[in-house]
Amino acid sequence: MQMLASDHPTAQHAKLAIDAVLRVRERRPRVHCITNAVAQNFTANLLLAAGAIPSMTVAPDEIADFVGSADALLVNLGTFDRERREAVEIAVNQVVNAGRSWVLDPVFVDRSQPRAQFARSLMARSPTAIRLNAAEFAAVADVQAGEKTPERLALDRRCVVALSGAVDIVTDGARTAKIENGDPLMARVTAMGCAGTALVTAALAVETDRWVATLGALLAFAVAGECAAARARGPGTLAIEILDALANLDRETLLTRARLS
Amino acid sequence: MQMLASDHPTAQHAKLAIDAVLRVRERRPRVHCITNAVAQNFTANLLLAAGAIPSMTVAPDEIADFVGSADALLVNLGTFDRERREAVEIAVNQVVNAGRSWVLDPVFVDRSQPRAQFARSLMARSPTAIRLNAAEFAAVADVQAGEKTPERLALDRRCVVALSGAVDIVTDGARTAKIENGDPLMARVTAMGCAGTALVTAALAVETDRWVATLGALLAFAVAGECAAARARGPGTLAIEILDALANLDRETLLTRARLS
Amino acid sequence: MQMLASDHPTAQHAKLAIDAVLRVRERRPRVHCITNAVAQNFTANLLLAAGAIPSMTVAPDEIADFVGSADALLVNLGTFDRERREAVEIAVNQVVNAGRSWVLDPVFVDRSQPRAQFARSLMARSPTAIRLNAAEFAAVADVQAGEKTPERLALDRRCVVALSGAVDIVTDGARTAKIENGDPLMARVTAMGCAGTALVTAALAVETDRWVATLGALLAFAVAGECAAARARGPGTLAIEILDALANLDRETLLTRARLS
């Protein structure tokens, strides 16, 4: 296990990132989530546990009202129905015009051509951050144009790229950090990744350095997962324990447990 | 802490209210819920824990079949999509014609104009009870017509008004009770309020005095929340523990813990 | 309690069935679920706990992509909206043409005529297995044509019929087994039955003897429910514990606890 020494080059980054995610509790940002039906409940509970105020409507008639009064927007493509697509168009237009942060989670784009196409059209709208795994990366990056690494994708799209895996990579093209925290059992809970991306959205609402915000959210999420795994007896209890762990997480635990490189 | 003395004016009310909510276990009423996607699973589980039989379809083609064989109807506006609106129209017509109870939960009407407008049109259809918080109250009450208090709204609309907050107020205009039970952690679980309103619907299916039914359901809900909070370590475990607490709640615990005024 | 003696006629069946369900962990089949909104999250978590990889989209535009890369399909009618019906038509056509397994769960067909009619049209497409309770059986079987028993329905439709109740019956017409495992508290958790049928779908993806696969899945599900009930304090904890129990279930526990006849 790699401990974070106080003179390590990323120690300052870790502190800033931890400050950012803990600020969610104080500021209580409103996070509007257009997310899939499987993830809605768990995502809302994770945001509440972290201190944010979630709203989840996808109705095109009122999405503008909700996004207009939200501090940041999550767009998760995990349920790709007509109404959600229509809502996404309205919501992204609005948040881009208002200059607020929004995050794209292109779930399962590797399994569906229409979804991958929609994801690429959204990436052209400059999301603040995008979070995806290796298979999803391969499905949406323009490899012919040279987007072969997360750094390159981040530079091209002017966004933070968070590439999830056994180790999470967070890069804005100029700065890259790896998060070695987390627990394999997290992958056995549905919508766990979706909820983590929602936490990124909450952190972006309270921190202007988008790379720091993304890093802080994913670090806190991974550490909460570790704490939860220590108490859990399987995937059922893990999903419950991570909510408690996130609500109870303190700066000391985060600093002690952070394994960044 | 204010204990309930046996000669207190509301002691008899408390007993009647507790009888009403416990009757749900014996009668097992069918409760049809048109509710939001975030709340559906937790609401169904809370109703099952209380002894009711939930059904949750929102498909306009078959909503009439379900409402026709249900004992009461919940209309929650937390997801305001086209299909749900259509289903609500059909369902409310049917339940009003059949003379059965129905409850309106105008979630987040303070965040969306179209939703507030729809809520107001539903309030004109005389729901048996309406449950809302202060912000939602302000968005739907006709203040110019003098609807400045829950009592006045209840009298005008001939329904029970349950105003939720740190203290819950339950009034039919003539009788008003305050419930001081509950736990702040309940607000950190998504759909907690929505599920509480579903329990009100179940109690209305088995008790003709609508004020007593509403009071009983919200008292049992708040006491279950207290019991759950005593075991919980955070919002994750609270959401699970409240289901167990509600299923295991007995008359003695309710009478002992009730803090009504 | 009826123990399973090694020379009992069904002992060999039990072993094969247990092998089939445990194979899900090794093979990690992709299971696409068209299921109701109430059940989606719990179903996905149960499949993950068992070792399968769930996908849950119902969007007609992309259902073909998901079903095309899935190993088996679940069709649950618990939310009967227009989009789901359209998705079901596309998905069933595809899976039938590809010769893969699919399972029908005609939830609540006894409460809705249009749903029962749709279920009957799907039964004509020869599902690999169908799971239903007594009321649902009565609503979809063609009694006039003599479909009065699960065996007869299985023979007529050339599918496995799993009739759920206090004792589960699993038959392909030629072979019939009764599963006496399980716990009454399981009926107090929403979508519990729906999730059990999803596990049948996963087992059918890894075992060609459809009767053995169905038996194994429902046996493992019932035993996991028993193990969970031994730890649970009510329906809330039961829903969590069954996920842990299923993830941790081993061959020895299954063989020891199986009560088949």
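The values are calculated or read from the model by the stated rules, or taken from the named source; none is laboratory data. Quantities reported herein were computed from a predicted structural model and do not represent experimental measurements. Reconstructed Cβ throughout: ideal geometry from the backbone, glycine too, with neighbour counts over all protein chains shown. What goes into the accessible areas is simple: the full protein's heavy atoms, side chains included, and nothing from ligands, DNA or RNA. Shrake-Rupley method; radii C 1.70, N 1.55, O 1.52, S 1.80 Å.
Here are some notes:
- Using only side-chain charges placed at the Cβ, +1 for Lys and Arg and -1 for Asp and Glu, the dipole size of the protein assembly as shown relative to its Cα centre rounds to 160 debye.
- Computed over the protein assembly as shown, the alpha-carbon pair-distance distribution with 20 angstrom bins reads 17, 50, 31, 3, 0, each value a whole percent.
- Summed residue charge, Cβ within 9 Å of residue C:62's Cβ, Lys/Arg positive, Asp/Glu negative: 0
- Relative contact order for chain A, counting Cα pairs under 8 Å that sit 6 or more residues apart, in percent: 24
- Chain A, helix-only ellipticity at 222 nm - DSSP H runs n ≥ 4, -39,500 (n - 2.57), divided by all residues, nearest 500: -16500 deg cm²/dmol
- Surface per residue (accessible, 1.4 Å probe) for segment C:159-241, Å²: 27
- Computed with a 1.4 Å probe over protein heavy atoms only, the accessible area of residue A:121 comes to about 60 Å².
- FRET efficiency, 1/(1 + (r/R0)^6) with R0 41 Å, evaluated for residue A:158 and residue B:187 via beta carbons: 0.60
- Remark on residue C:31: its backbone amide H falls under 5 Å from those of C:53, C:55, C:71, a criterion applied only to residues 5 or more positions apart or on other chains, H modelled at 1.01 Å from N.
- Label separation (residue C:138 vs residue B:113): 5.2 nm, computed from points 7 Å beyond Cα along the C-beta direction.
- J(HN,Hα) series, segment C:191-197, from Karplus relation 6.51 cos²θ - 1.76 cosθ + 1.60, nearest Hz, glycine and proline x: 6, 4, x, 4, 5, x, 5
- FRET efficiency, residue B:124 to residue B:98 (Cβ-Cβ, R0 22 Å, nearest 0.05): 0.75
- Proximity of backbone amide H atoms, modeled 1.01 Å from N, is registered between residue A:233 and A:238 at under 5 Å, excluding neighbours fewer than 5 places apart on the same chain.
- Angle between chain B longest axis and helix B:40-50 axis [Cα atoms, degrees, rounded to 10]: 40
- Counting Lys and Arg as +1 and Asp and Glu as -1 over every other residue whose Cβ lies under 9 Å from the Cβ of residue B:218, the net charge comes to 0.
- In nanometers and ordered shortest first, the copy-to-copy spacing of the residue B:97 label point, defined 7 Å from Cα toward Cβ, is 4.3, 4.3.
- Other-copy label distances relative to residue A:261, 7 angstrom Cα-Cβ extension, nm: 6.0, 6.1
- Dimensions of segment B:1-117 from C-alpha coordinates, computed as largest minus smallest value along each principal axis and given longest first, are 51, 33, 28 Å.
- The accessible-area loss of segment A:208-254 on complex formation, taken against its chain alone with a 1.4 Å probe, reaches 30 Å² or more at A:231, A:233, A:235, A:236, A:240, A:244.
- Only the Cβ atoms of Lys and Arg (+1) and of Asp and Glu (-1) were treated as charged; on that basis the dipole of segment A:115-208 about its Cα centre amounts to roughly 240 debye.
- Global geometry of segment C:128-210, whether rounded, prolate or oblate, following the gyration tensor of its Cα atoms and the 1.5 cut on a/c: oblate
- For segment A:23-72, taking Cα atoms only, Rg and Dmax work out to 10.8, 32 Å respectively.
- Phi angles across segment B:29-39 convert, under the Karplus curve 6.51 cos²θ - 1.76 cosθ + 1.60 with θ = phi - 60°, into 3J(HN,Hα) values of x, 8, 10, 8, 10, 9, 9, 7, 4, 5, 8 Hz, Gly and Pro given as x.
- Per-residue Karplus couplings for segment C:85-97, computed as 6.51 cos²θ - 1.76 cosθ + 1.60 with θ equal to phi - 60°, are listed in order as 5, 4, 4, 4, 4, 4, 5, 5, 3, 5, 6, 5, 4 Hz, Gly and Pro entered as x.
- Between the alpha-carbon centres of segment C:40-104 and segment B:20-34 there is a gap of 33 Å.
- Fluctuation leader among C:81, C:156, C:19 - chain C, Gaussian network, Cα springs under 10 angstrom: C:81
- Share of carbon and sulfur in the accessible heavy-atom surface of chain C [1.4 Å probe, %]: 49
- Between C:195, C:124, C:49, the GNM of chain C built on Cα springs shorter than 10 angstrom shows C:124 fluctuating the most.
- Formal net charge of residues neighbouring residue C:164 (Cβ-Cβ distance under 11 Å; K, R +1; D, E -1): -2
- For residue A:158, inter-copy separations between label points set 7 Å beyond Cα along the Cβ vector come to 6.1, 6.1 nm, shortest first.
- Residue of B:20, B:145, B:11 that the Gaussian network model of chain B assigns the largest fluctuation, springs spanning Cα pairs under 10 Å: B:145
- Whole-percent pair-distance distribution, where bins are 5 Å wide, for the alpha carbons of chain B: 1, 7, 15, 19, 21, 18, 12, 6, 2, 0, 0
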